[in-house]
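J.: Mind looking over this structure? Questions follow.
Read the figures in this text as sums done on the coordinates, not as results from a lab. Since the structure is predicted, the reported quantities are computational estimates derived from the model, not experimental observations.
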């Protein structure tokens, strides 16, 4: 595998982990009180939106050529860190 394929595989793995976390939070919300459920559902929606945003950015990176991959990767990593920070913040809210 080349660097591009390995990098994309790494990001896809992280996205799968995030999706699994979302499912856990959804299950957890089923047994929450009504007020907690409302808050959790709002945060789950934010989490899902960030995962979708990450998927869109990854799709853009996947389309890059070997010649443009490094430049696009740098741009992707900036956006990825912003998304990742939002996901971590949302996860903290859901675990509170």
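J.: Which entry is the computed P(r) over Cα pairs in 10 Å bins from 0, in percent for this structure: [x] 15, 43, 24, 13, 4, 0; [y] 14, 35, 30, 15, 5, 1; [z] 14, 30, 21, 18, 13, 4, 0?
T.: It is the value labelled [x].
J.: Helix 3-30 against the longest principal axis of the chain: what's the angle in degrees, Cα atoms only, rounded to the nearest 10?
T.: 10 degrees
J.: Taking 0.36 nm per residue of separation and subtracting the Cα-Cα distance, what length does fully extending residue 38 through residue 79 add? Show your work: numbers first, answer last.
T.: Details: separation 41, 0.36 × 41 = 14.76 nm, distance 2.88 nm.
Net length gain for the segment: 11.9 nm.
J.: Please determine, in degrees from 0 to 90 and to the nearest 10, the orientation of helix 69-95 with respect to the longest principal axis defined by the Cα atoms of the chain, where the helix direction is its Cα long axis.
T.: It works out to around 10 degrees.
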